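Reviewing the structure listed below.
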Amino acid sequence: MQGKRQVAVLGSTGSIGVNTLDVIARHPDRFGVYLLAASTSTQAMLEQCLAFRPRYAVMVDELAAQALREAMPGELATEVLAGQEELARLVAAEEIDVVMAAIVGAAGLPSALAAARAGKTLLLANKESLVMGGRLLMQAVRESGAWLLPIDSEHNAIFQCMPVEEGALPSLKGVDKVLLTASGGPFRTWTVDQMRDATPDQACAHPNWSMGRKISVDSASLMNKGLELIEACWLFSLEPDRVEVVVHPQSIIHSMVQYRDGSVLAQMGNPDMRTPIAFGLGWPERLAAGVAPLDLVATARLDFEAPDESRFPCLRLARESVAAGGTAMAVCNAANEVAVQAFLDERIAFMGIPALIESVLDRHGGGPGESLEALMAADAAARRSAEAMIEQGVGS
Ligand code: NAD
Ligand code: MG
């Protein structure tokens, strides 16, 4: 066996980051941790450094980096660095083989792009970076020869169900369309009137998955499925009309691929992110992930229904922004990030999320999004508009 594969975990203190380190810890002979990165959670990072002894720990927040430096025991050889730019530079280090991109939001784009440009094996959980900069990221992957393995459970399932030729990424040979499954979230059966009064804790109480708060709210509004629709289009070179969203409340089927001959292949398993994470880390081998085996008899039934876009307008807004193209998806993503944070801070109502995104999209539409600078500018402008609109009472 070759030497250990050196892994960088970006967003290591979050839900995906912690699950990634859980899988890595099960295979100490295969993986070494070279770099850990997070935003502000110093204590969690310190504990991870003690357990995994990375060469570098990056805190994007300067004050958090300072606090971590002071707390780091002298015998540990971990160097503490600060800032987004330092992170994007370090991710390209020659010593790194695999990068888990699990920062939340558009903030994850520069480091994911740096990993793609450096030709790393990129395990992509950070869907917002594809939504915002899909063209740029996919182009970087093609040009550098990087491997891009989707970690989002649906896209990982699609990847597993797509035709693969040896040594190559999936092709669309014989594929009719992709069936993207959605749990429907905690408000699947709620009326619009009920959702108007929904609280952040209710929105974050996902029936099947335990996740960070931002993606949990996205799941409740179905914007998560909208972002995933865009993600699927970029990852698999699909037109949006070849991606059909199907609500499947049990979250046992993680998505499906429908072939020309009528075959539909599904990937199933318990809703545990360690399955797609282990798939990405081990690929093309299969690794033990600590996931409980699927008990189909206990599951008993699998249900399916169509999504209701009148109660969940975020799905329509995401479709409209793919159709508009260019920077529209970056605008949609940025408006959503501001709206979700404002909802979590109880500044707007739950149904204010789609209202705010729609108003921001109306104002900004889409322009050409060929460069990182253009995307960052569209992202910043959309955030400013969203904030100004919240001040004016939009969404409350
Ligand atoms: P989380 O909120 O639990 O963790 C986010 C991590 O990112 C933390 O380590 C945090 O320190 C770091 N971070 C936050 N802002 C940052 C910034 N500006 N710069 C650098 N680091 C920053 O989030 P999560 O649930 O783990 O989700 C991470 C990503 O994975 C998201 O894009 C999400 O959509 C995607 N994803 C998550 C799940 C899941 O089950 N949690 C499933 C599919 C996809
Ligand atoms: Mg998902």
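The values are calculated or read from the model by the stated rules, or taken from the named source; none is laboratory data. Note that this is a predicted model, so its numbers are computed, not measured. Here the Cβ is made from the backbone with ideal geometry for all residues, glycine too, and neighbour counts use every protein chain on show. All accessible areas refer to the heavy atoms of the entire protein, side chains included, with ligands and DNA or RNA removed. Shrake-Rupley method; radii C 1.70, N 1.55, O 1.52, S 1.80 Å.
A compact table of results
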item	result
Solvent-accessible ranking of 189, 327, 275, largest area first, probe 1.4 Å	189, 275, 327
Rg to Rh quotient for the chain, alpha carbon positions, Kirkwood Rh	0.95
Of 120/225; 177/225; 127/177, those spanning more than 24 Å from alpha-carbon to alpha-carbon	120/225
Solvent-accessible area of residue 162 with every protein chain in place, 1.4 Å probe, in Å² to the nearest 10	10 Å²
The chain: DSSP helices with Cα axial extent of at least 27 Å and average Kyte-Doolittle hydropathy no lower than 0.0	372-391
Positive dipole terminus of the chain, leading residue within 34, 306, 355 (C-beta point charges)	34
Accessible-area ranking of 197, 176, largest first, probe 1.4 Å	197, 176
Between region 294-369 and region 130-173, the alpha-carbon center distance in angstrom	23 Å
Kirkwood Rh and Cα Rg combined as Rg/Rh, region 4-110	0.92
Residue-span extension gain [residue 210 to residue 79] - 0.36 nm each, minus C-alpha spacing	44.0 nm
Share antiparallel - DSSP beta bridges, the chain, percent rounded to 5	25 percent
For the chain, the longest site-free run once GluC sites (Glu not before Pro) in DSSP loop states with at most 15 other Cβ atoms within 10 Å are removed	167-284
Per DSSP, loop chymotrypsin sites (Phe, Trp or Tyr not before Pro) in region 234-331 with at most 13 further Cβ within 10 Å	304
Value at 222 nm in deg cm²/dmol, rounded to 500, when DSSP H runs of n ≥ 4 in the chain each add -39,500 (n - 2.57)	-14000 deg cm²/dmol
Check: the chain dipole with +1 on Lys, Arg Cβ and -1 on Asp, Glu Cβ, in debye	500 debye
All aspartates and glutamates inside 12 Å of residue 4 as judged from Cα atoms, apart from same-chain residues fewer than 8 positions distant	29, 95, 97
Check: region 211-350 dipole with +1 on Lys, Arg Cβ and -1 on Asp, Glu Cβ, in debye	160 debye
Candidate aspartates and glutamates for bridging to residue 214, where Cα separation is under 16 Å - those fewer than 8 sequence places away on the same chain excluded	128, 152, 201, 228, 337, 345, 346
5 angstrom amide H check on residue 61, placed H, neighbours 5+ away	83
Residue 193 - accessible surface, heavy atoms, 1.4 Å probe, Å² rounded to 10	100 Å²
Amide proton proximity set for residue 80, modelled H, under 5 Å, gap of 5+	57
Estimated dipole of region 4-69 in Debye, rounded to 20 [Cβ of Lys and Arg +1, of Asp and Glu -1, Cα centre]	340 debye
